[in-house]
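First up is the structure itself, then whatever we jot down about it.
The values are calculated or read from the model by the stated rules, or taken from the named source; none is laboratory data. Since the model is a prediction, treat every value here as computed from it, not as a measurement. In this analysis, Cβ positions are derived from the backbone assuming ideal geometry, glycine residues included, and neighbour counts consider all displayed protein chains. We work out accessible area using only protein heavy atoms, side chains counted, and drop any ligands, DNA or RNA first. Shrake-Rupley method; radii C 1.70, N 1.55, O 1.52, S 1.80 Å.
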Amino acid sequence: MLARRTTNGPFRPDPVRREHQHLLMRVAQAAPSHFNSQPWRFVLIEDPGTIATVADISGASMTELIEAGVFFERYRRYFRFSEAEMDERRDGIHIDHLPGPLRPFTRQVFSDTGLKLMRQLGVPKKLGEDNRKLVAGSPLLLAALLDKAEYRPGELSGFYSVFGLGAAIENIWNAVGALGMGIQFISTPMELPRQWQAIRELLRVPDDLELMAVYRLGYLPEGQKRPSIDWSSRHRKRLSQFVGRETCDVPEEEN
């Protein structure tokens with residue numbers, strides 16, 4: 001579990017073996033759920049046409065979000081620009097890999113001025129195309145859904161359902177490494193309601209299910225080429241930053 005990774009780069013083109021797909025479903029099934037309700041549902045997607053369509057939606061979503069500045073505005077507080085800043089905060093992502101023309105403007109790259117420069121350099125379209133290629137080159141997509149009989153937002157059952165699905169996904173995330181595989185959240189379509197609806201329609205999600213997330217999976221290549229804009233996020237908070245002893249106002253001491 002401590003070696004868990006998120007894959008930002010491409011996968012090998014090899015199809016994911018059916019026994020590995022089913023093993024990942026079994027480890028998901030082993031997750032805890034309230035009253036053993038098992039509210040999760042999954043769709044395994046290998047059809048090249050479906051994957052290509054999801055890739056197009058994801059890439060277009062990325063371009064739109066970057067072009068409008070929406071992505072950076074929403075998540076600016078998580079960006080770190082130096083090892084020292086990362087070590088102090090112990091959370092967020094360290095932006096340590098940028099296209100050459102942007103490197104002199106590392107700290108300003110997500111400001112209004114930086115965004116204007118990114119538009120002039122065609123960065124939003126480049127990032128969108130990079131995103132499209134990553135998804136299109138994935139041999140397996142996994143859609144995670146919840147049964148609306150259990151998933152009722154605003155009620156405790158809604159929390160229990162999301163908690164259970166999170167545990168199921170974490171089981172999958174921890175299992176892929178043992179199979180020589182990687183996994184990444186396909187998040188950008190969720191930022192734009194019309195694009196998320198397009199994926200719902202593509203996957204023919206019925207009214208009694210809620211589409212919660214889509215992931216891309218595949219076997220890892222020997223060497224990973226980093227995307228145009230990339231980051232590292234291996235730092236974790238110190239115990240004193242997220243663990244209390246007896247009450248919330250007494251931070252836990254490190255060993």
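Brief remarks on what is shown
- Sequence of ASP14, ASP147 when ordered by accessible area, the most exposed leading, probe 1.4 angstrom: ASP14, ASP147
- Rounded to 0.05, the FRET efficiency of the GLU253 and PHE185 pair, given R0 = 22 Å and the Cβ-Cβ distance, is 0.05.
- Sorting PHE163, PHE71 by solvent-accessible area of protein heavy atoms yields PHE163, PHE71, largest first, with a 1.4 Å probe.
- Under-5 Å amide H pairs with ILE186, H placed in peptide plane, nonlocal only: VAL214, TYR215, ARG216
- Note on LYS116: aspartates and glutamates with a C-alpha under 13 Å away, same-chain residues under 8 apart excluded, are GLU67.
- In order along segment 184-196, the phi-based Karplus estimate (6.51 cos²θ - 1.76 cosθ + 1.60, θ = phi - 60°) of 3J(HN,Hα) comes to 8, 6, 8, 9, 4, x, 5, 6, 10, x, 5, 6, 5 Hz; Gly and Pro are listed as x.
- Accessible-area value, TYR75, 1.4 Å probe, nucleic acids and ligands omitted, Å²: 70
- With a Förster radius of 30 Å applied to the beta-carbon distance between ALA167 and ARG90, the computed FRET efficiency rounds to 0.80.
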